[in-house]
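A short write-up of the structure that comes next.
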Amino acid sequence: MKKYVIVALVASVIISCSQQKENVQELKFDYPKTAKGEVSDNYFGIEVSDPYRWLENDTSIETKNWVTEQNKVTFAYLNEIPFKEKIKNRLTEIINYPKQSAPFKKGDMYFYYKNTGLQNQSLLYATDDYTKEGTVLLDPNSFSDDGTVALSSMDISKNGKYIAYSISRGGSDWKEIYVKNIETGEMEEDHLEWVKFSGISWHKDGFYYSGYDAPKKGTELSTKNEFHKLYFHKLGTPQTEDIIVMENKELPLRMFYGSTTDDENYLIIYEENVGSRGAKIYYVDLSTEDKKAIALTDNFDFEYGILANYDNKLIFQTNINAPKSKLISIDLTDISQENWKDIIPESEYVMKSVSYVNNKFIVKYMKDAHNILQVFSLDGKLINDIKMPTICSVGGFSGNKDEKIGFYTISSFIFPSTVYKYDFETQKSEIIFKPEVDFDDTQYETKQIFFASKDGTKIPMFIVHKKEIELDGNHPTLLYGYGGFNVSITPSFSASRLIWLENNGVVAIATLRGGGEYGQDWHEAGMRLNKQNVFDDFIAAGEYLISEKYTASSKLTIQGGSNGGLLVGAVTNQRPDLMAVSLPAVGVMDMLRYQHFTIGWNWVTDYGSSEDSTQFDNLFGISPIHNITADKNYPAVLVTTADHDDRVVPAHSFKYISTLQEHYKGNNPVMIRIGVDAGHGAGKPISKTIEEYADLWSFAFYNMGVVPVYE
């Protein structure tokens, strides 16, 4: 096994590294000249200029030329970093390990995903015995030459005969659905387009899915998504004959999703309203001829998720009157809310998910940003805990309601997803798949600390490093955060981050407000007018790492993506002295206009809207693009985005880096790396992942003055 260390930099090495860095940085001053337009908007009497709005037109020849010229500068810089190829080679070695999901059963067959190591996309296998190797059912790598077509979602019919699956091209949120006959291996003629924000849910000879009308040609990746619909597609018929199950012709921002129960007796419909925190839910008795949708709720204030149905009852997980969530039953003979029954009431821990296996409820709870599993009877009595080997994340819990075994995965910061089988009779777990990685995890440790944010709130943070490191303030440190949309950041394995650990570095994951780690109250503490709390938490995390001598500002890199890209952009503006390197990825950088693109309007719940005077003041004060000034010494910045990102459109990053390059007059590189045939992140081929992280870590190490040395 290869070992990586950071060696002490003697004077001659410092001079050599300094000369190399100076030579590379000569390229940084030759940024493309970005044209400026005379565009502005008036917000409540305040005139806000937007000179780079032309970059919002992602299909124009001018924008495409700008992308080409920016990438030329960035890759010329990155390719001159002397150790980049060594980091890429080591990343390839680490990532080249077998990966496998927990199996799940449909009909008489088990299904699971597997990747031998460096396959761009994982393959779907089928077997009649989970202890034996299956046969390939779907190989997404055959969908394209370069792995840029990914399997997105799928559902298998109750009888196990058909699989309906969606694919994404180039990382786009737009999906296409195909159907394959599992028994014969033949593809059916069904092909559905313009599917978006959708599941697939079978009912007898067809399935439910969601989507939009076809967008105007040339605007597919940027146009505002409106008039979402829930459809039913009958197998063997053209998409033009699909039945619209639910839509709203008057309110274009409503969204509709459908999910059938396991026995396919009921359809549950979720209707979302712009700016709402939850969904209105309906049920449809599919055994009736008219299949009428009956409302179970009359507002959009709470979240619901269907879990099971039995004894004429629907079982939901919900946060109604329970900010940390609970399990309830709704008797269909009397659906009035006063008749709803709590099965498992709200706990001190956040209920993240529930599975219905072996006629029991298996509950995954969140305790201080990591998972625990408990088994309950159908009347809500605790039977036993499922013991976890360490601080970890649990990946689902699959199994059938009448079977005696279930499957789940666990992972941590230093070991990858491991598959377990759980026996309900013995109440014991055993490993059925454990990947072997070219990394000695016994040499490293994970600890959780709590630090005080600006307002005194205690914030958790995971810190990972080599055992018994000396706290001398000199360790290269990666600080990562997200903080939004009720998303919980739990221990997860990232092979790419091992580069930091092997080089005597530190990886820190801050559990910021705005996430879901402590329930709805924690989420709301980082929403809308409270958004600054998230940035304060992240800044305090960096200050803690420096004060406790894990690192120094000259050795600190901050990273975050999407909402986390907003976080990194805002913190870079507010405290440019805190870090040496800033890596904002696919970030929401224009907080005044985000709602005008694709699904951005749906983020008003978390961010607020510039169309409201109070919220405008808040957004204008934190928006990364609008708070770049010429009097700050910004750290080295490498923005990453992609040309097919239709979740957070790349215009956010284009306008941000253009503004930064215009105003920043210092010596640090401020650059953008724009991926081609890539999107927001989901489904990215492993080959592109390796290339991107080789660039990111090389850029970070180089601009921290850290030289990884290999034995």
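Read-outs: derived from the displayed coordinates by stated rules, not from any lab. Note that this is a predicted model, so its numbers are computed, not measured. Here the Cβ is made from the backbone with ideal geometry for all residues, glycine too, and neighbour counts use every protein chain on show.
Before moving on, here are some points about what is shown:
- Percent of Cα pairs exceeding the 20 Å cut-off, where the set is the range 160-219: 29
- Estimated FRET transfer efficiency (residue 30, residue 265; beta-carbon r; R0 56 Å; 0.05): 0.30
- Phi-based couplings in Hz for the range 465-481 (Karplus 6.51, -1.76, 1.60; Gly and Pro marked x): 6, 5, 4, 6, 6, 7, 7, 10, x, 10, 8, x, 10, 9, 10, 10, x
- Extreme residue, positive dipole direction of the chain, given options 623, 481, 641 (C-beta unit charges): 481
- A simple rule links phi to the HN-Hα coupling: the Karplus curve 6.51 cos²θ - 1.76 cosθ + 1.60 with θ = phi - 60°, which for the range 497-513 gives 6, 4, 4, 5, 5, 5, 9, 6, x, 10, 10, 10, 10, 8, 9, 8, 4 Hz, with x for Gly and Pro.
- Cβ-to-Cβ counts within 10 Å put 154, 704 in ascending order as 154, 704, the fewest first.
- Ellipsoid equivalent to the range 173-270 - semi-axes via the Cα gyration tensor, in Å: 24, 18, 10
- Unit charges at the beta carbon, dipole of the range 83-228: most positive-side option, 83, 192, 221: 83
- Scaled against the 2.2 N^0.38 Å expected of a compact globular protein of N residues, the Cα radius of gyration of the chain reads 0.96.
- When Rg and Dmax are taken over the Cα atoms of the range 442-490, they come to 13.3, 37 Å.
- Dipole magnitude for the chain: computed about the Cα centre from +1 point charges on Lys and Arg Cβ and -1 point charges on Asp and Glu Cβ, it is near 1460 debye.
- Taking the charge dipole of the chain about its Cα centre, with +1 at Lys and Arg Cβ atoms and -1 at Asp and Glu Cβ atoms, the residue from 164, 702, 305 reaching farthest to the positive side is 702.
- Calculated on C-alpha atoms, the gyration radius of the range 471-560 divided by its Kirkwood radius gives an Rg/Rh of 1.02.
- Label zone at residue 153, where the point sits 7 Å out along the Cα-to-Cβ direction: the range 202-222 residues whose backbone N lies under 16 Å: 202-203, 207-213
- Per-peptide average of other Cβ atoms within 10 Å, ordering 586-592, 204-210 highest first: 586-592, 204-210
- Pairs of C-alpha atoms in the range 476-617 farther apart than 25 Å represent 27 percent of all such pairs.
- Under 5 Å, built H, 5+ apart or other chain: amide partners of residue 246: 230
- Computed from the C-beta positions of residue 468 and residue 96, the FRET efficiency with R₀ = 41 Å rounds to 0.90.
- Sorted largest first, extent of the range 234-321 alpha carbons per principal axis (Å): 44, 38, 19
- Computed log₁₀ I(q)/I(0) - Debye formula, equal Cα scatterers, no solvent, the range 224-268, q 0.24, 0.33 Å⁻¹: -0.93, -1.10
- Relative contact order, percent, the chain [alpha-carbon distance under 8 Å, six or more residues apart]: 13
- Here the range 218-250 and the range 153-196 have alpha carbon centers that stand 16 Å from each other.
- Rounded to whole numbers, the Karplus 3J(HN,Hα) couplings from phi for the range 149-166 are 9, 10, 6, 9, 9, 7, 8, 10, 4, 4, 7, x, 8, 10, 10, 9, 9, 10 Hz, using 6.51 cos²θ - 1.76 cosθ + 1.60 with θ = phi - 60°, and x at Gly and Pro.
- Across the range 158-258, Cα pairs under 8 Å and at least six residues apart give a relative contact order of 20 percent.
- For the range 467-501 and the range 30-75, distance of Cα centres in Å: 34
- Multiplying the residue separation of residue 381 and residue 291 by 0.36 nm and removing their Cα-Cα distance gives an extension gain of 28.9 nm.
- Each of 524, 38, 611 has some number of other Cβ atoms within 10 Å of its Cβ, and from fewest to most they run 38, 611, 524.
- Spatial separation of Cα centroids for the range 288-309 and the range 549-625, in angstrom: 36
- Taking the fewest neighbouring Cβ atoms within 10 Å as the starting point, the ordered list for 43, 656, 283 is 43, 283, 656.
- Contour minus Cα-Cα distance for residue 145 and residue 299 (0.36 nm per residue): 50.7 nm
- Helix-only CD estimate at 222 nm, as mean residue ellipticity for the chain, using -39500 (n - 2.57) per DSSP H run (n ≥ 4): -5500 deg cm²/dmol
- Low-density loop cleavage sites - trypsin sites (Lys or Arg not before Pro) in the range 454-507, where at most 12 other Cβ are within 10 Å (DSSP): 467
- Per residue convex hull volume, Cα atoms of the range 369-467, in Å³: 136
- Diffusion coefficient of the range 37-114 by Stokes-Einstein, Kirkwood radius over Cα pairs, 25 °C, 0.890 mPa s: 133 µm²/s.
- Remark on residue 487: its backbone amide H falls under 5 Å from those of 516, a criterion applied only to residues 5 or more positions apart or on other chains, H modelled at 1.01 Å from N.
- The Rg/Rh ratio of the range 103-155, with Rg taken over Cα atoms and Rh as the Kirkwood radius over Cα pairs, comes to 0.99.
- Relative to the compact-globule estimate of 2.2 N^0.38 Å, the Cα radius of gyration of the range 226-372 comes out at 1.13.
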